[in-house]
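K.L.:
Below you'll find the structure I mean.
The values are calculated or read from the model by the stated rules, or taken from the named source; none is laboratory data. Keep in mind that this is a model prediction, so the values were computed, not measured. Note that we place each Cβ from the backbone using ideal geometry, even for glycine, and neighbour counts take in every protein chain shown.
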Amino acid sequence: MPSFLPNLFALGVSVTTLIGTARLAHADSGALSPGVTGAASSATASRASAVSPAAASVPTMFEPATPAAKKYRWPIPALNQSYSRGPEVLFTFDDGPHDQFTPKVLDVLKSYHVKAIFFTAGWRLTGERAGAEKRRKILARIFADGHLVGNHTINHAHMCLVSAKKGAWEIDENAKLLGELAGMVISYFRTPYGARCRRIENLLRDRQLSHLHWDFDAREYRDQDADRTVHYLTGQIRRLEGRAVILMHDTQPATARALPRILNWITVENQQRKKRGARVIRILSYADLARETVTPEVVSDLAAAQQSLAGWLPSLGRRLLVPLAGDPTARASEANQP
């Protein structure tokens, strides 16, 4: 029996318990823009439908480094500490998919090898209208491009202002809808408006869902000013010392205009930082966070299994092994960064 199989079995148990679902297989190694930090591993779409009843309601990767400043605000920073000891960002997009702007966002992300999390409002996907069918195809592309999808309620509901029954319906109906379209359990949630109250906490705990908040909100929807959006986010990222979650909206034209400029700025900024011997800005994918929950030995075994099983079970290799094993060349490059 190949030596990596026992560790693969252990990984299956531990990942299901720690992460809650095989949603971890949706992204590549999270490489930066082309030519900056080495080649990204191949983007691989993946879906899974199993989730453990014993799944932790809040994975350790999303535990904040500091407590909440106020009782009913979500903790900042939204993620745990930077494992690279340098600036790291995770891009997230709310409220879509949008017929026109989400495809543009996806094109930009693909060109820069960036993986993101899309928190989806279900009303955009329901019904028999031509627009709904088009948006369902866009959702399929989100998965095909290797991104992760999260629950953002059916109607973008303010969860602290609706009844408990209505709130439960908003979460459950969207989870059912997205799960059927994605072919996997949707285990991450972002509450619209960033609302937090005891009702939301109880609903999420009962469903073993994890809320992923943000650190930098672009607020493009306020003035549709792409210049202001670029100035704000690049300024925040320039000063960043740890990890940060970036919130943008793929329903807004300013987002589609600003995103390529922001990612290009990171490319140029990283080139300058490398010349100075400074730590570069790393763009995280979900798989980066997932890999942090397993030991280096398991990651090594995943790489071996990726090669051994690819010809025998190519689907398994794509969906489980490639994203977690990542690109050894890219990992070596990251490990040697200043």
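K.L.:
Which one of Arg238, Arg228 is part of a helix (DSSP H, G or I), over 24 Å from Arg282 (Cβ atoms) and out of contact with any strand residue (DSSP E or B) (no Cβ under 7 Å at 6 or more places or on another chain)?
P.N.:
Details: Arg238 fails: over 24 Å from Arg282 (Cβ atoms).
Answer to the check: Arg228.
K.L.:
Look at segment 186-208 and say how many of its residues are in a loop (DSSP other than H, G, I, E, B), buried (at least 22 other Cβ atoms within 10 Å of the Cβ) and either of a type outside the set (A, V, I, L, M) or at positive phi (or both).
P.N.:
So the answer is 3.
K.L.:
On to the next question. Does segment 246-261 contain any residue that is in a loop (DSSP other than H, G, I, E, B) and either farther than 21 Å from Asp215 by Cβ or out of contact with any strand residue (DSSP E or B) (no Cβ under 6 Å at 6 or more places or on another chain) (or both)?
P.N.:
Yes; the residues of segment 246-261 include at least one that is in a loop (DSSP other than H, G, I, E, B) and either farther than 21 Å from Asp215 by Cβ or out of contact with any strand residue (DSSP E or B) (no Cβ under 6 Å at 6 or more places or on another chain) (or both).
K.L.:
Something else: If the requirement is being crowded, with 21+ Cβ neighbours inside 10 Å, at pLDDT below 50 and within 29 Å of Gly183 (Cα to Cα), which of these qualifies: Ser57, Ser46? So that I can check it myself, show each step before the final result.
P.N.:
On the way: Ser57 fails: crowded, with 21+ Cβ neighbours inside 10 Å.
Going through Ser57, Ser46 in turn, just one is crowded, with 21+ Cβ neighbours inside 10 Å, at pLDDT below 50 and within 29 Å of Gly183 (Cα to Cα): Ser46.
K.L.:
Count, please, the residues in segment 92-116 that happen to be in a loop (DSSP other than H, G, I, E, B) and not hydroxyl-bearing (Ser, Thr, Tyr).
P.N.:
Matching residues across segment 92-116 total 10.
K.L.:
Would you say Ile246 is modelled with pLDDT of 95 or more, within 23 Å of Ile142 (Cβ to Cβ), over 18 Å from the mean Cα position of the chain (by Cα) and of a type in the set (Val, Ile, Thr)?
P.N.:
Values: modelled with pLDDT of 95 or more: yes; within 23 Å of Ile142 (Cβ to Cβ): yes; over 18 Å from the mean Cα position of the chain (by Cα): no; of a type in the set (Val, Ile, Thr): yes.
So Ile246 fails the test.
K.L.:
Only residues that are small (Gly, Ala, Ser), farther than 24 Å from Arg282 by Cα and touching a residue at least 12 places away in the same chain (Cβ under 8 Å): list them for segment 99-128, please.
P.N.:
Within segment 99-128, Ala121, Gly122 qualify.
K.L.:
Taking segment 99-111, which residues are more than 16 Å from the chain's Cα centre (by Cα) and either under 19 Å from Lys134 (Cβ atoms) or buried (at least 21 other Cβ atoms within 10 Å of the Cβ) (or both)?
P.N.:
Asp99, Gln100, Phe101, Pro103, Lys104, Asp107
K.L.:
Suppose the filter is at pLDDT 95 or above and outside any strand (DSSP E or B); does Gly131 pass it?
P.N.:
no
K.L.:
Quick check: anything in segment 209-229 modelled with pLDDT under 95, buried (at least 18 other Cβ atoms within 10 Å of the Cβ) and of a type in the set (A, V, I, L, M, F, W, C)?
P.N.:
Within segment 209-229, one or more residues are modelled with pLDDT under 95, buried (at least 18 other Cβ atoms within 10 Å of the Cβ) and of a type in the set (A, V, I, L, M, F, W, C).
K.L.:
Here's another thing I want to ask about it. Which is touching a residue at least 60 places away in the same chain (Cβ under 8 Å), among the small types (Gly, Ala, Ser) and either buried (at least 23 other Cβ atoms within 10 Å of the Cβ) or farther than 22 Å from Ala287 by Cβ (or both), of Gly86, Gly96, Gly131? Don't jump to the end; show me each part of the working.
P.N.:
Details: Gly86 fails: either buried (at least 23 other Cβ atoms within 10 Å of the Cβ) or farther than 22 Å from Ala287 by Cβ (or both); Gly131 fails: touching a residue at least 60 places away in the same chain (Cβ under 8 Å).
Of the residues listed, the single one that is touching a residue at least 60 places away in the same chain (Cβ under 8 Å), among the small types (Gly, Ala, Ser) and either buried (at least 23 other Cβ atoms within 10 Å of the Cβ) or farther than 22 Å from Ala287 by Cβ (or both) is Gly96.
K.L.:
Next up: Would you pick out the residues in segment 113-124 that are surrounded by fewer than 21 Cβ atoms within 10 Å (Cβ to Cβ) and out of contact with any His (no Cβ under 9 Å at 6 or more places or on another chain)?
P.N.:
Matches in segment 113-124: none.
K.L.:
A follow-up question, please. So in segment 64-101, with the set limited to residues that are more than 18 Å from Glu220 (Cα to Cα) and of a type in the set (D, E, K, R), which one is modelled with the lowest pLDDT?
P.N.:
Per the stated criteria, the residue is Lys70.
K.L.:
Also, I was wondering about something else. May I ask you to say which residue of Asp301, Asp288 is modelled with pLDDT of 65 or more, buried (at least 23 other Cβ atoms within 10 Å of the Cβ) and either of a type in the set (D, E, K, R) or assigned to a loop (DSSP other than H, G, I, E, B) (or both)? Let's see the steps before the verdict.
P.N.:
Details: Asp301 fails: modelled with pLDDT of 65 or more.
Exactly one residue qualifies, and that residue is Asp288.
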